[in-house]
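Chemist: I'd like to ask some things about the structure below.
Every number in this text was worked out from the coordinates using simple rules, so none of it is lab data. None of the values given here were measured: they were computed from a predicted structure. We place every Cβ from the backbone using ideal geometry, glycine too, and count neighbours over all the protein chains shown.
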Protein chains: 2
Amino acid sequence: MAGIPASNIEPALGELKALLGDRLSTTAAVREQHGRDESSWHGVPPDAVAMAQSTEEVSEIARICTRYRIPMIPFGTATSVEGHIHALEGGISIDLNALNEIARISPEDMDCTVQAGVTRNQLNAYLRDSGLFFPVDPGADASLGGMAATRASGTNAVRYRTMRENVIGLTVVMADGQIIKTGTRARKSSAGYDLTHLFVGSEGTLGFITEVTLRLHPVQESIMAASCTFETVHNAVEAVIETIQAGVPIARIELLDALQIRAVNRVEKTDYPEQPHLFLEFHGTRSGVREQIVIVESLVLDHEGSNFAWAENQEERSRLWHARHNAYPSSLQLRPGSRALITDVCVPISCLADCIDESLNDIAASRIPITLLGHVGDGNFHLLILIDPDDADERAEAESINHRLVKRAIAMGGTCTGEHGIGRGKREYLIEEHGAAVSVMREIKRALDPHNLMNPGKIFLQES
Amino acid sequence: MAGIPASNIEPALGELKALLGDRLSTTAAVREQHGRDESSWHGVPPDAVAMAQSTEEVSEIARICTRYRIPMIPFGTATSVEGHIHALEGGISIDLNALNEIARISPEDMDCTVQAGVTRNQLNAYLRDSGLFFPVDPGADASLGGMAATRASGTNAVRYRTMRENVIGLTVVMADGQIIKTGTRARKSSAGYDLTHLFVGSEGTLGFITEVTLRLHPVQESIMAASCTFETVHNAVEAVIETIQAGVPIARIELLDALQIRAVNRVEKTDYPEQPHLFLEFHGTRSGVREQIVIVESLVLDHEGSNFAWAENQEERSRLWHARHNAYPSSLQLRPGSRALITDVCVPISCLADCIDESLNDIAASRIPITLLGHVGDGNFHLLILIDPDDADERAEAESINHRLVKRAIAMGGTCTGEHGIGRGKREYLIEEHGAAVSVMREIKRALDPHNLMNPGKIFLQES
């Protein structure tokens, strides 16, 4: 902790109070709540919480914080699993949940603009009956600003890609309070530096996203979902690899191992066979979906898959994906009181089977309960390592499993994080993955946030 | 021109000569050739040309140039239409054509890594019989490094997107000679700032791209191409808009106006009716292509389109796309000795008909021959304004047409350049389009190229 001098924090709080009134809070409960996320670490509360209601207010808050050299941390739904909202150097949490307006939907251009606090479910509820939807689906009902900031993805990414491909413009508040707009509504542009992509995934360290312009997608004529089982995780992964290599435009292809299925069955009262599963979804025209299913069924059978259970109507599909989305909270119930250290590597699809096989050895050798699941069509999977957060040995063992997994993934040309971000826990892996390029990232950080006030301690450590 | 002091240029040339021997040239012919592109401006030759053979050599050249404060301009195929390679402040042209190795193809991951000087046709020839292809197609046989640097796109972008979406990693030489690698081979990553997208489209002003990792795509089972005619450009555009809004995954949908068709017929000895045309291509499974064609034929008929001519086999398709790709040189033949000032706006598809209609008024009112063509599925189209490059009045009139068009496009939420880049000619439009965001771009430029030596004068003017 840097420790902010009282001579700075007091006048800053005074000015923020004048700006926000009751929407500035320093009560312990509010601070605690804003310092805690879904990561395995204990929370780190901010000194105060500022509930912003507009881009202009965020700008004013940034101006005040910069004047008094107070760190600022953007806050959405606190569903990060990498400690993104922890106030590692103290400062002000800027809560963006009141920026929850859907500003514009343009069905004819298949895009929309929303404020940062709008959640993905809120947007999709609004789009219902429009024939359009927003596909990026990290499981949690996260805010779209937060999803942009961490370059989130999830179950639909194998077909519809990630926030990287689905954000086409942003409104961003810079450290000094300047408000900029990035991107245009054109489908493509060669006009200047791609600031949109620079801010997407920058984890609140370069600027605060207050508005997001998103690409929408047409709901396809036919949607079919299914689950099927395999004798081994290895077989399931082989079927996935061949599906991707065959160029099938599958919408979702998700792996859950047997322990994960047991966790889901217990909490969701479902009765999936306790074996490795793939959960699948197909989107297209009727004949297109039929073509996809013929190919995938055949590949599944080639790898001794069975127990196909089809979910055609909306209700059946919802049940299936509800079970998948609750994999994380379900896993926690396997060991009440535990926290999950969640790994997040992503590797080229040709390396996925090897990468997972080596992880299976680690799982077998560990005394800690570990579930395995993932967006395997992208080469991305997670281990949920269910540790006692107060047991240093367990934490060390979990970190060691993650460490070996990350080394393996990077050696395969992959990444230490497919979708969760660097946050506070993977700073050393960023250097391992990107080498000298990290110095270029640091130069950009210094140029845009010279006093290191925007979410300091995330992505990398930087001298203030 | 800044004018480089002889006390700097002479020792720099001495060191470069020691490094490169005969591969450093100061002869007039070589310098002229390296200062001239496809833009409407007269060329601006560099002081010398350095023929690099490796990333390490580019790095050494950059070190020398930085030490002596000599501007450096990367050089590929000189097919830019925005003056990207003009040595506006003198300096060294770094010719990257000898970096022409295809370093790696991974069919199972559908990606590859090539050196910057490899051209798109070279890559696709190499991929023949692999079942894969690289789709981004700007017409010219440009180098893939140059295409990345200008965020190029072209006829296939409506389905396969642009260099923005198809570049997944880069090797880049920074101003001080540092070599960095951006991206990974994973399909997605949330690890740190997205430097790949920052360098893609940076026009050689932040770093020099020496190696590109690209996404490849499977050649589809069925490919059908067609041309059809319309009574008016407006009708053709309406058919395009409805095709896109219907969500048809069309691979190409290109507009050529009647004068453009006349130009093509003359040069290519073809006999297309001299009317506005759409050139189309469909990719998919056999039944998928049939489904697409049924929808598009019906939309074309709704807008009084006719004269469908189908090109099914490779040879017929090649003839069709050869005619389209030669639209630019064909147009120049309409007026021997002319140069084309080429506009490049891109607007949301819902605004495309209005934007084009207003351009048609400008074309009708001008005494200069102007052809219209474009990648209309993306909302991107070009006017080729065929001016006498030495006639100041014609240039002024062409610039005025472009000026009004750009204003119109930006007001519609579009961009001044869909695919050609800012170069030297659109610097003022960048500011109009992006406003305060340009100051953030400038801060990044200053941070990464503090002496303003990398392709100075492109994208924006910056104090050295």
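Chemist: Quick check: convex hull of the Cα atoms in region B:212-293, volume per residue, rounded to a whole Å³? Spell out each step's value before the answer.
Modeler: Working: hull volume 11.6 nm³, N = 82.
Residue-normalised Cα hull volume stands at 141 Å³.
Chemist: Rounded to whole Å and sorted largest first, what semi-axes of the equivalent ellipsoid does the C-alpha gyration tensor of region B:365-464 yield via the square root of 5 times each eigenvalue?
Modeler: So the three semi-axes of region B:365-464 are 28, 17, 12 Å.
Chemist: In whole Å, what three semi-axes, largest first, describe the equivalent ellipsoid of chain A built from its Cα gyration tensor (square root of 5 times each eigenvalue)? Walk me through the numbers on the way to the answer.
Modeler: Values: eigenvalues 277, 135, 80 Å².
Gyration-tensor ellipsoid for chain A: 37, 26, 20 Å.
Chemist: How many percent of Cα pairs in region A:222-411 exceed 25 Å? Mind dumping the intermediate values first?
Modeler: Values: 6097 of 17955 pairs.
That fraction is 34 percent.
Chemist: What nm value, rounded to one decimal, do you get for the distance between B:E32 and A:Q333 when each label is placed 7 Å out toward the C-beta?
Modeler: Taking the simple label geometry, B:E32 and A:Q333 are separated by 8.0 nm.
Chemist: A further question follows. Can you list, shortest first and in nm, the gaps between the label point of B:S287 and those of its counterparts in the other copies, using a point 7 Å from Cα in the C-beta direction?
Modeler: 0.6
Chemist: Still on this structure, please answer the following. Within a 10 angstrom radius of each residue's Cβ in B:178-184, how many Cβ atoms of other chains show up on average? Whole number is fine.
Modeler: The per-residue average across the peptide is 6.
Chemist: For chain B, what relative contact order do you get, as a whole percent, if you take Cα pairs closer than 8 Å and at least 6 residues apart?
Modeler: For chain B, the relative contact order is 15 percent.
Chemist: Using only Cα atoms, find the angle between the long axis of helix B:314-325 and the longest principal axis of chain B, and express it within 0 to 90 degrees, rounded to the nearest 10.
Modeler: On a 0 to 90 degree scale, this one is about 70.
Chemist: Taking every residue in B:227-233, how many Cβ atoms of other protein chains lie within 10 Å of its Cβ, on average?
Modeler: Details: counts 0, 0, 0, 0, 0, 0, 0.
Counting other chains' Cβ atoms within 10 Å and averaging over B:227-233 gives 0.
Chemist: With labels modelled as points extended 7 Å from the Cα through the Cβ direction, what inter-label distance (nm, one decimal) is found for A:R67 paired with B:R286?
Modeler: A separation of 7.3 nm, rounded to one decimal place.
Chemist: Give me the base-10 log of I(q)/I(0) for the protein assembly as shown at each q in 0.04 Å⁻¹, Debye formula, one uniform scatterer per Cα, rounded to two decimals.
Modeler: For the protein assembly as shown, the Cα-only Debye profile gives -0.18.
Chemist: How large is the helix-only mean residue ellipticity at 222 nm for chain B, computed as the sum of -39500 (n - 2.57) over DSSP H runs with n ≥ 4, divided by its residue count, in deg cm²/dmol to the nearest 500?
Modeler: -11500 deg cm²/dmol
Chemist: Roughly what would the spin-label model give for A:E101 and A:A364, points 7 Å off Cα along C-beta, in nm?
Modeler: Placing both labels 7 Å beyond Cα along the Cβ direction yields 5.9 nm.
Chemist: Checking the cross-link filter: which lysines have an alpha carbon closer than 28 Å to that of B:K269, excluding same-chain neighbours under 8 positions apart?
Modeler: none
Chemist: P(r) for region A:107-172: what percent of alpha-carbon pairs falls in each 5 Å bin, starting at zero?
Modeler: Answer for region A:107-172: a P(r) of 4, 17, 30, 29, 17, 3, 0 percent.
Chemist: With θ set to phi - 60° and the Karplus curve 6.51 cos²θ - 1.76 cosθ + 1.60, what are the ³J(HN,Hα) couplings of region B:248-262 in order, to the nearest whole Hz, using x for Gly and Pro?
Modeler: The phi angles translate into 5, x, 5, 8, 8, 8, 10, 9, 9, 7, 4, 5, 4, 5, 4 Hz.
Chemist: Taking a point 7 Å out from Cα toward Cβ as the label site, list the nm distances between A:G14 and the same residue in every other copy, smallest first.
Modeler: 6.4
Chemist: For peptide A:429-437, how many partner chain Cβ atoms fall within 10 Å of a residue's Cβ, on average?
Modeler: Per residue, the average neighbour count from other chains is 5.
Chemist: Please list A:156-164, A:334-342 highest first by mean number of surrounding beta-carbon atoms within 10 Å per residue.
Modeler: In descending order of packing, they fall as A:156-164, A:334-342.
Chemist: Here's a follow-up. Work out from phi, with θ = phi - 60° and the Karplus expression 6.51 cos²θ - 1.76 cosθ + 1.60, the ³J(HN,Hα) of each residue of region A:364-374, listed in order in whole Hz, and give x for Gly and Pro.
Modeler: 4, 7, 9, 8, 7, x, 9, 9, 10, 7, x
Chemist: Here is a follow-up. Cα centroid distance between region B:130-158 and region B:56-127, in Å?
Modeler: Their Cα centres are 15 Å away from one another.
Chemist: Then there is this: Find how much the distance from A:H234 to A:K17 grows on full extension, using 0.36 nm per residue of separation minus their present alpha carbon separation; answer in nm with one decimal.
Modeler: Difference between extended and current length: 72.4 nm.
Chemist: Sticking with this one: Could you tell me the convex hull volume per residue, in Å³, taken over the Cα atoms of region B:6-97?
Modeler: In region B:6-97, the Cα hull volume divided by residue count equals 85 Å³.
Chemist: Placing the label point 7 Å from Cα along the Cα-to-Cβ direction, what are the distances from B:E399 to the equivalent spots in the other copies, shortest first, in nm to one decimal?
Modeler: For B:E399, the other copies' label points sit at 6.2 nm, shortest first.
Chemist: Also, I was wondering about something else. In region A:102-218, if every C-alpha pair distance is counted and binned at 5 Å from zero, what percent goes to each bin?
Modeler: Taking every Cα pair in region A:102-218, the percentages come to 2, 13, 24, 26, 21, 10, 4, 1, 0.
Chemist: Can you tell me how much longer the chain between B:A125 and B:S439 gets when fully stretched, taken as 0.36 nm per residue apart minus their C-alpha distance, in nm with one decimal?
Modeler: Contour length minus Cα-Cα distance gives 108.8 nm.
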